[in-house]
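Trainee: To start, I am sharing the structure in question, which I have written as structure tokens.
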């Protein structure tokens with residue numbers, strides 16, 4: 001079985017930053033592998049270690065800079081990676097779910113996987129929708145927000161748990177081929193070993209353009225136009241205790257004593 | 001085609017709160033677009049659900065008697081068929097775990113743009129403007145949707161629920177389900193997070209988040225809880241890391257708690273966490289980032305390092 005994992009390098013904002021127009025300058029970002037994708041990679045690598053997956057391929061839509069992050073996925077055990085990028089994608093301020101779906105659909109056509117794992121959402125644009133949209137586009141079955149996976153390759157069924165709200169889990173059998181969106185906590189993502197990091201240097205990251213995938217620039221056109229970006233107004237009316245750690249702890253302790261919580 | 005179609009959500013015999021919030025959001029959009037609000041309910045005891053959804057501002061409730069519980073293949077097919085029948089401008093779905101299990105498929109299948117996790121919406125001159133968060137809630141954005149129609153998922157608890165009864169017409173909608181395309185089967189539900197500690201019963205919760213950094217540091221939090229005769233709870237990452245069991249998790253996918261005092265330590269206050277603790281009587285936040293959203297709902301705050309403040313606090317009660 002071949003497993004394709006969609007991964008993304010996400011931009012995380014520092015605590016202090018400035019917005020210019022509809023974007024934030026690069027200097028205020030730190031780049032990292034999307035948290036949910038880390039769990040998706042781990043799940044795929046475990047399928048490989050269990051002898052269920054023959055090959056694990058990571059795919060990303062991202063600029064050259066993201067290769068550093070993608071290589072972390074390779075160091076953790078993915079066999080190779082595909083990186084899709086070109087000027088038309090770079091020119092889009094916000095790549096919407098439809099555009100990502102069109103691009104990934106062609107990658108799936110090239111790679112022909114039996115199972116696609118994606119993170120539930122990306123930490124930057126937070127659409128939370130690309131995996132299910134992709135499943136519909138490639139006519140795979142799917143399950144969103146999966147926190148347990150038991151794969152029976154012979155029967156062609158993935159038995160999953162979906163994490164619903166309020167501490168309820170739904171048990172669902174999903175026919176393969178399928179796209180599963182992976183929730184954090186499904187496993188314990190490993191740290192890359194030194195050996196893994198060395199091996200990752202020799203693994204392939206194939207760069208593909210829209211043209212390589214048989215797409216033209218129109219594929220990147222987003223129906224969503226980013227018109228404004230701003231810091232949410234603070235609604236805080238909290239009483240803030242000022243001073244040193246001892247001072248603030250003292251004021252909080254007084255409050256807790258006053259309210260009868262402790263120290264009576 | 002200026003109508004709005006909203007699809008309600010239910011689980012295990014009850015309509016979920018977001019269904020009533022969708023009515024409010026849907027009515028608001030219908031007023032702005034000049035159309036009618038259609039609400040559909042799919043599966044389960046549809047007639048009883050239709051009574052409950054016959055609310056102020058709803059023009060038509062469509063009942064679709066297909067199955068008992070949510071199945072995304074059925075919901076996708078039904079929504080497609082309702083769309084074909086009603087020709088609405090906007091399809092409003094909940095941004096819930098189940099909403100996100102079919103809304104993207106509906107959008108893809110109908111070749112419509114998808115706007116997910118909207119916290120505010122406005123229609124003006126045929127253009128839909130949605131407000132969404134990015135970068136973990138650190139910024140808000142507005143996006144204009146450049147299309148005649150769209151699928152929109154709505155974040156829960158952003159619109160108030162509609163409660164007043166209405167005088168909608170209730171119509172049964174006869175969907176035709178292609179069973180061959182239903183390739184997933186829900187086999188059951190399970191409550192998780194039972195255990196020796198019930199954080200929903202605690203008067204005082206000392207709740208810990210990502211700021212604790214290492215598992216070993218949790219001892220500090222248990223020491224504080226002991227000094228205050230409190231119970232330890234946590235935000236999601238602590239449970240994801242396996243440092244605390246699921247029964248300690250506060251938030252959307254964990255427990256909803258309403259203690260007298262909730263002391264949030266090293267918790268940024270993501271919306272999923274806040275959903276589980278905003279009902280606490282007194283909220284105290286200790287966090288190094290003064291812009292952390294936890295301070296928006298806190299009654300008392302300390303902008304400081306938990307590794308300095310917590311030992312000093314323990315000292316206050318034990319020193």
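The values are calculated or read from the model by the stated rules, or taken from the named source; none is laboratory data. Computed from a prediction, not measured in an experiment: that's the story for all the values here. Cβ: placed from backbone, ideal geometry, glycine included. Neighbour counts: every protein chain shown.
Trainee: Could you say whether any residue in segment A:203-224 is out of contact with any helix residue (DSSP H, G or I) (no Cβ under 8 Å at 6 or more places or on another chain), within 14 Å of chain B (Cβ to nearest Cβ) and in contact (Cβ under 8 Å) with a residue 60 or more places away in the chain?
Mentor: Within segment A:203-224, one or more residues are out of contact with any helix residue (DSSP H, G or I) (no Cβ under 8 Å at 6 or more places or on another chain), within 14 Å of chain B (Cβ to nearest Cβ) and in contact (Cβ under 8 Å) with a residue 60 or more places away in the chain.
Trainee: Then there is this: Identify all residues within segment B:289-311 that are outside any loop (DSSP other than H, G, I, E, B) and either in contact with a strand residue (DSSP E or B) (Cβ under 9 Å, 6 or more places away or on another chain) or within 15 Å of residue B:206 (Cα to Cα) (or both); write none if there are none.
Mentor: Passing the criteria: B:294, B:295, B:297, B:300, B:301, B:302, B:303, B:306, B:307, B:309, B:310, B:311.
Trainee: Next up: Does residue B:67 satisfy the criteria of being surrounded by fewer than 24 Cβ atoms within 10 Å (Cβ to Cβ) and in contact with a helix residue (DSSP H, G or I) (Cβ under 9 Å, 6 or more places away or on another chain)?
Mentor: In short, yes.
Trainee: For segment B:78-102, what are the residues that are closer than 21 Å to residue B:23 by Cβ, assigned to a helix (DSSP H, G or I) and more than 7 Å from chain A (Cβ to nearest Cβ)?
Mentor: Those that are closer than 21 Å to residue B:23 by Cβ, assigned to a helix (DSSP H, G or I) and more than 7 Å from chain A (Cβ to nearest Cβ): B:78, B:79, B:82, B:83, B:85, B:86, B:99.
Trainee: Of everything in segment B:129-156, what is modelled with pLDDT of 95 or more and more than 10 Å from every other protein chain (Cβ to nearest Cβ)? Give them in sequence order.
Mentor: Within segment B:129-156, B:149, B:152, B:154, B:155 qualify.
Trainee: Taking residue B:85 and the conditions (1) under 19 Å from residue B:158 (Cβ atoms); (2) surrounded by fewer than 22 Cβ atoms within 10 Å (Cβ to Cβ), which numbered condition does it fall short on, given that it satisfies the others?
Mentor: Here residue B:85 meets the rest and fails (1).
Trainee: Identify all residues within segment A:1-59 that are more than 14 Å from chain B (Cβ to nearest Cβ), surrounded by fewer than 18 Cβ atoms within 10 Å (Cβ to Cβ) and assigned to a strand (DSSP E or B); write none if there are none.
Mentor: A:2, A:55 - these are the residues of segment A:1-59 that are more than 14 Å from chain B (Cβ to nearest Cβ), surrounded by fewer than 18 Cβ atoms within 10 Å (Cβ to Cβ) and assigned to a strand (DSSP E or B).
Trainee: A further question follows. Quick one: which helices (runs of 4 or more DSSP H) sit completely within segment A:82-193 and have at least 2 residues that are crowded, with 24+ Cβ neighbours inside 10 Å and facing chain B (nearest Cβ under 10 Å)?
Mentor: Numbers: elements: A:87-90, A:97-111, A:130-138.
In segment A:82-193, the matching helices (runs of 4 or more DSSP H) lie at A:97-111, A:130-138.
Trainee: Ok, one more. Which of the numbered conditions does residue B:69 fail, given that it passes all the others? Conditions: (1) part of a strand (DSSP E or B); (2) at the interface with chain A (Cβ under 10 Å from one of its Cβ atoms); (3) over 22 Å from residue A:123 (Cα atoms).
Mentor: (1)
Trainee: Which residues, taken from segment B:127-158, are at positive phi and touching a residue at least 60 places away in the same chain (Cβ under 8 Å)?
Mentor: Answer for segment B:127-158, where residues must be at positive phi and touching a residue at least 60 places away in the same chain (Cβ under 8 Å): B:136, B:137, B:157.
Trainee: Working only within segment A:232-258, note down all residues that are assigned to a loop (DSSP other than H, G, I, E, B), out of contact with any strand residue (DSSP E or B) (no Cβ under 6 Å at 6 or more places or on another chain) and either surrounded by 15 or more Cβ atoms within 10 Å (Cβ to Cβ) or within 7 Å of chain B (Cβ to nearest Cβ) (or both).
Mentor: Within segment A:232-258, A:234, A:235, A:236 meet the criteria.
Trainee: Something else about it: Could you please find all residues in segment B:272-288 being part of a helix (DSSP H, G or I) and surrounded by fewer than 19 Cβ atoms within 10 Å (Cβ to Cβ)?
Mentor: B:272, the sole residue that qualifies.
Trainee: Being surrounded by fewer than 10 Cβ atoms within 10 Å (Cβ to Cβ) and either assigned to a strand (DSSP E or B) or modelled with pLDDT of 95 or more (or both) is the filter here; which residues of segment B:189-210 pass it?
Mentor: If the condition is that a residue be surrounded by fewer than 10 Cβ atoms within 10 Å (Cβ to Cβ) and either assigned to a strand (DSSP E or B) or modelled with pLDDT of 95 or more (or both), then B:191 is the only one that fits.
Trainee: Confirm whether residue A:185 is touching a residue at least 40 places away in the same chain (Cβ under 8 Å) and on the phi > 0 side of the Ramachandran plot.
Mentor: yes
Each row is one residue, and each column tells you yes or no for (1) assigned to a helix (DSSP H, G or I); (2) within 10 Å of chain A (Cβ to nearest Cβ).
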residue: B:222; (1), (2): yes, no
residue: B:232; (1), (2): no, no
residue: B:239; (1), (2): yes, yes
residue: B:244; (1), (2): no, no
residue: B:247; (1), (2): yes, yes
residue: B:253; (1), (2): no, yes
residue: B:257; (1), (2): no, no
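Trainee: Another question, if that's okay. What number of residues in segment A:200-222 are touching a strand residue (DSSP E or B) at 6+ places or on another chain (Cβ under 6 Å) and in a loop (DSSP other than H, G, I, E, B)? Before the answer, list the steps.
Mentor: Going residue by residue through segment A:200-222, those that are touching a strand residue (DSSP E or B) at 6+ places or on another chain (Cβ under 6 Å) are A:203-208.
Then keep just the ones that are in a loop (DSSP other than H, G, I, E, B); that gives A:203-204.
Number of matching residues: 2.
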